[in-house]
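Participant: Encoded as structure tokens, here's the structure I'll be asking about.
The values are calculated or read from the model by the stated rules, or taken from the named source; none is laboratory data. On a predicted model such as this, the values are computed, not experimentally measured, just so you know. Cβ sites come from the backbone with ideal geometry, for glycine too, and all protein chains shown count toward neighbours. Please note that ligands, DNA and RNA were not included when accessible areas were found on the heavy atoms of the full protein model with its side chains. Shrake-Rupley method; radii C 1.70, N 1.55, O 1.52, S 1.80 Å.
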Amino acid sequence: MKIVSNGEMREIESIAINTVGLPSVCLMENAGRAVAEHAAEYLFSCKRKNIVILCGKGNNGGDGFVAARYLFNKGFDVKVFVVSNIGLISGDAKKNLDIIINMGIYVAEILQKEQLKFFEKNIKESDLVIDALYGTGLDREVSGISKDAIDIVNGSGKYVISVDIPSGINGDNGKVEGCAVKANVTVTMQFMKKGIAVYPGVDYAGKVIVADIGIPRNLVDNIQCRYNMISQDDVVLPKRARNTHKGDYGKLLVVAGSKNMTGAAALCAMSAIKTGCGIVKLAVPKAIQGIMQSSLREIITYGLDDKDGAFYLGSVDEVLKLANTVDAVAIGPGLTNSCDVREFVKEVILRLEKPLVLDADALNAISDSVDMIIGKDVILTPHIGEMSRLSGGSANEINDNIYETVEKFISKYKATLVLKGSRTVIGNDTEGIYINCTGNPGMATAGSGDVLTGMISSFLVQGLKEVKAAIYGVYYHGKAGDMASERYGEYGLTATNILEYIPYVMKM
Ligand SMILES: NC(=O)C1=CN([C@@H]2O[C@H](COP(=O)(O)OP(=O)(O)OC[C@H]3O[C@@H](n4cnc5c(N)ncnc54)[C@H](OP(=O)(O)O)[C@@H]3O)[C@@H](O)[C@H]2O)[C@@H](O)CC1
Ligand SMILES: Nc1ncnc2c1ncn2[C@@H]1O[C@H](COP(=O)(O)OP(=O)(O)O)[C@@H](O)[C@H]1O
Ligand SMILES: [K+]
């Protein structure tokens, strides 16, 4: 599913209006009507009828005026409050404002504190609030009367439907600009918006419904979007040909583990084999090979020369020899973060000529020399903490600037980045940005990332290119976590449970 910025949306609307000739007022009519339909559906379901519509002075407000008309016609009790001098309203919004005034629909301005009291009284008596303050035109912090009105709406506990974007959320990056409406539902026009595809925007948008407002199909199909939301049709698993053998499904080398972190290695190797690749070789420090071999039937394990139960420079040659027998290498889970391990990882990366998935301690190992991956075939899978070590920003700065962080990193290092989180963002400078919506907070549990590394690596050796391997891995990892949480809940969910459900979600 395509995701657009404010500017891209405005550009699409202007082509539809000025090139194709669609009257802008038709787009507003369709937008307002879509909002009214969802509002009516909710009110019929709870047999309620009082609606307050909070409008701004622009076309977002215009959508609100149109919604007021449809809801009034359906017999609901509609009150419209405008946080602007209505003399300042123009264009399509003005046209629709005049219509509802001519129809006798209640319209009141909120320009000063006294009028807020009356607004608050009406909000308290309402059953549904429609937020039509700001959409793609929000271009500064919300303050003054608008802020007070939003605080009243958020404090009311009423059911809220936001028009296009929850007012106060920056449509380009999801940031809260001062304050923002917390909606139960957001009816967004024609395309998903960047600002409600990642946190914190996701938290404010509630359930997002994408409404078709009549933008011409060829426009919708032909726009090249850099940002995309991963959907089921992006991750179809082709039917397997009958006449195949395990060699056809790829060979993976997992380089992982250390004397007190054997689980990460096991989780990564097992998730790879469960995701369908033909052969998984697991290289571990020889100190733990016995343990690994006894618990991993399908995995071929190799005990490499180690130093105090962890890899070191002396382990590099054996890794490279093994790497020659496989299609890709995953390195990182459970290595530990010692100086020896860091040297080992860098040497492997320097000398390895194979597609590479770097996770966990392998990411920490290169955090002071990320340049070394430039020109290499690398997928990196950091969580926010590892990302802050790779990119230098603090975790908070990264969380507040997810898109910017990803774009900066991929343009500098030309690698495929999987920035893990509640909405994992996959980026590749030439192929664009993909946002994942599967998964749940139950997956915030030790080992969950090791499982993901195995899945991405497995898709890689099965023939998917880097970005596709990452998209498939992240999507099915989240699906497995979702199915597992239906059984185990979100508190009890473990990485092993995610592992268990990989085959089921891939079978669907
Ligand atoms: N044909 C179309 O285009 C269609 C558009 N559609 C709808 O229109 C929406 C875009 O409408 P829009 O461009 O008029 O901007 P909108 O979001 O209503 O903001 C209104 C004005 O508020 C102001 N303002 C901004 N930030 C502020 C702040 N923090 N605090 C105070 N004021 C602030 C700023 O005006 P300024 O004060 O800068 O003059 C801004 O212009 C879009 O989301 C969709 O719902 C659909 O109907 C489909 C057809
Ligand atoms: N709230 C959440 N919603 C969805 N997915 C989540 C959430 N929290 C974590 N995850 C997913 O769980 C995994 C956690 O990985 P990671 O932090 O590397 O775990 P570990 O390092 O313990 O293996 C990531 O894939 C992440 O996207
Ligand atoms: K809005």
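Participant: Kindly provide the set of residues from the stretch 220-243 that are open to solvent by less than 90 Å² (accessible area, probe 1.4 Å) and either out of contact with any Cys (no Cβ under 9 Å at 6 or more places or on another chain) or free of Cβ contacts under 8 Å to residues at least 40 places away in the same chain (or both), ordered by number.
Facilitator: Of everything in the stretch 220-243, those that are open to solvent by less than 90 Å² (accessible area, probe 1.4 Å) and either out of contact with any Cys (no Cβ under 9 Å at 6 or more places or on another chain) or free of Cβ contacts under 8 Å to residues at least 40 places away in the same chain (or both) turn out to be Val220, Asp221, Ile223, Cys225, Arg226, Tyr227, Asn228, Asp234, Val235, Val236, Leu237, Ala241.
Participant: Which pairs have Cβ atoms under 8 Å, sit 6 or more apart or on different chains, and link a residue in the stretch 466-483 that is closer than 16 Å to Leu417 by Cβ to one that is of a type in the set (Asp, Glu) and not in a helix (DSSP H, G or I)?
Facilitator: Pairs found: Glu466/Asp377; Val467/Glu431.
Participant: Please state which one of Lys414, Lys321, Lys408 is among the basic types (Lys, Arg), in contact (Cβ under 8 Å) with a residue 24 or more places away in the chain and either open to solvent by 30 Å² or more (accessible area, probe 1.4 Å) or farther than 23 Å from Asn260 by Cα (or both).
Facilitator: Just one listed residue meets the conditions, Lys414.
Participant: Next question, about the same structure. If Val25 passes every condition in (1) aliphatic (A, V, I, L, M); (2) surrounded by 24 or more Cβ atoms within 10 Å (Cβ to Cβ); (3) more than 17 Å from Ser126 (Cα to Cα) but one, which one does it miss?
Facilitator: Of (1) aliphatic (A, V, I, L, M); (2) surrounded by 24 or more Cβ atoms within 10 Å (Cβ to Cβ); (3) more than 17 Å from Ser126 (Cα to Cα), only one is false for Val25: (2).
Participant: Condition (residue is under 32 Å from the mean Cα position of the chain (by Cα), in a helix (DSSP H, G or I) and in contact (Cβ under 8 Å) with a residue 12 or more places away in the chain) applied to the stretch 51-60: is it met by at least one residue?
Facilitator: Scanning the stretch 51-60, I find at least one residue that is under 32 Å from the mean Cα position of the chain (by Cα), in a helix (DSSP H, G or I) and in contact (Cβ under 8 Å) with a residue 12 or more places away in the chain, so the answer is yes.
Participant: Additional query: Can you go through Leu363, Leu380, Leu335 and tell me which one is closer than 19 Å to Val255 by Cα, within 16 Å of ligand 2 (Cβ to nearest atom), in contact (Cβ under 8 Å) with a residue 40 or more places away in the chain and assigned by the TED database to the domain that holds Ala269?
Facilitator: Matching residue, one of Leu363, Leu380, Leu335: Leu335.
Participant: With respect to Asp172, is the statement that it is out of contact with any Pro (no Cβ under 9 Å at 6 or more places or on another chain), more than 10 Å from ligand 3 (Cβ to nearest atom), assigned by the TED database to the domain that holds Glu11 and among the charged types (D, E, K, R) true?
Facilitator: Taking the combined requirement at face value, the residue satisfies it.
Participant: Could you list, in sequence order, the residues of the stretch 34-54 that are open to solvent by 40 Å² or more (accessible area, probe 1.4 Å) and within 16 Å of ligand 3 (Cβ to nearest atom)?
Facilitator: Of everything in the stretch 34-54, just one residue is open to solvent by 40 Å² or more (accessible area, probe 1.4 Å) and within 16 Å of ligand 3 (Cβ to nearest atom), namely His38.
Participant: Also, I was wondering about something else. Report, by residue number, each residue of the stretch 347-380 that is open to solvent by less than 50 Å² (accessible area, probe 1.4 Å), assigned to a helix (DSSP H, G or I) and under 24 Å from Gly393 (Cβ atoms).
Facilitator: If the condition is that a residue be open to solvent by less than 50 Å² (accessible area, probe 1.4 Å), assigned to a helix (DSSP H, G or I) and under 24 Å from Gly393 (Cβ atoms), then Ile349, Asp361, Ala362, Leu363, Asn364, Ala365, Val370, Met372, Ile373 are the ones that fit.
Participant: Here is a further query. What number of residues in the stretch 192-219 are of a type outside the set (D, E, K, R), part of a strand (DSSP E or B) and surrounded by fewer than 17 Cβ atoms within 10 Å (Cβ to Cβ)?
Facilitator: Count: 1.
Participant: Let me ask something additional. Tally up the residues in the stretch 140-155 that are open to solvent by 50 Å² or more (accessible area, probe 1.4 Å) and within 16 Å of ligand 3 (Cβ to nearest atom), please.
Facilitator: Qualifying residue count for the region: 5.
Participant: Right, here's the next one. Scan Phe119, Phe81 and give me the residue that is open to solvent by less than 80 Å² (accessible area, probe 1.4 Å) and part of a helix (DSSP H, G or I).
Facilitator: From the options Phe119, Phe81, the qualifying one is Phe119.
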